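Beneath this line is the structure, given in structure tokens, with notes to follow.
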């Protein structure tokens, strides 16, 4: 990861610590770069002066080669990333587009009408529930205050299927293009991977719901399997999500964790703490999975931001 804004105080502190430990150890930049497997030492200069936030493997290399115990450099890196996320969140909120304002054609993500038949919108009066599900997940360490839709799972770790590093796995607006905009971004990243950023304006019962998702690369996904993904929010927001799949006929089915009474679905509030949260949901009983996605609702017309990254099953 290379993202860092000039006013990132935590990044500067991390850089000072990196430089201080290296100098104290009597190791040159060139020698340290060789030890941690870099072809050159130029990027280390940027890291040590806080101009960029180093990837985790570089920080681990510093800790290993300079005998820095306790993971203190990694902790500083996390603070720098959190500060960067807050800065980017503020920037995105200030520049969030007005849903009524025209958008350049080149900036639009194809809607369902352009890519596939329009899907029916979700229920107009969903039953909102505020109870946060906080359950133990064997394979995942959930961030404090994060969203937990997960059930306890066992077995091998899920395989990463989509990290949005290129355009091959782009998501699009499944329904509700009048209130949702979707774009790939490097302003927020998960483990250095780009994210899909959803900007929703007014996706409430009065204006209609929106959903984003994908309809390819799902050949190995089956009913009963667990889908793991990561959600980013800039901070507390009045809104929530429900996860869904489409069967071979294009009919909508809610994730097991989002199934309510009858045909109603339950929704979970978005995390009340900014940053990344890990979410696990279960594919419902369908004959064939043709689409996966998530429906987003909001309480008001204020821009609501949700990032998605690293989808696995």
| Approximate spin-label separation residue 49-residue 300, in nm, with each point projected 7 Å along Cα-to-Cβ | 4.4
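Compute the length gained on full extension between residue 159 and residue 249: take 0.36 nm times their separation in residues and subtract their Cα-Cα distance, giving the result in nm to one decimal. Please report the intermediate quantities before stating the final value.
Working: separation 90, 0.36 × 90 = 32.40 nm, distance 2.71 nm.
Working it through step by step, the gained length comes to 29.7 nm.
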| query | Cα gyration tensor of the range 172-226, axes a ≥ b ≥ c as square roots of the eigenvalues: rounded (a/c below 1.5), prolate (a/b > b/c) or oblate? | reply | oblate
| the range 9-89: C-alpha gyration tensor shape, a/c 1.5 cut-off, then a/b vs b/c | prolate
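Based on the Cβ-Cβ distance from residue 259 to residue 28, what FRET efficiency comes out when R0 is 45 Å, to the nearest 0.05?
0.15
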| request: Take the Cβ-Cβ distance between residue 13 and residue 168 as r, set R0 to 41 Å, and report the resulting FRET efficiency rounded to the nearest 0.05. | output: 0.60
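Where a number appears in this text, it was derived from the coordinates with a stated rule and is not lab data. From a predicted model like this one, the values you see are computed outputs, not experimental measurements. Reconstructed Cβ throughout: ideal geometry from the backbone, glycine too, with neighbour counts over all protein chains shown.
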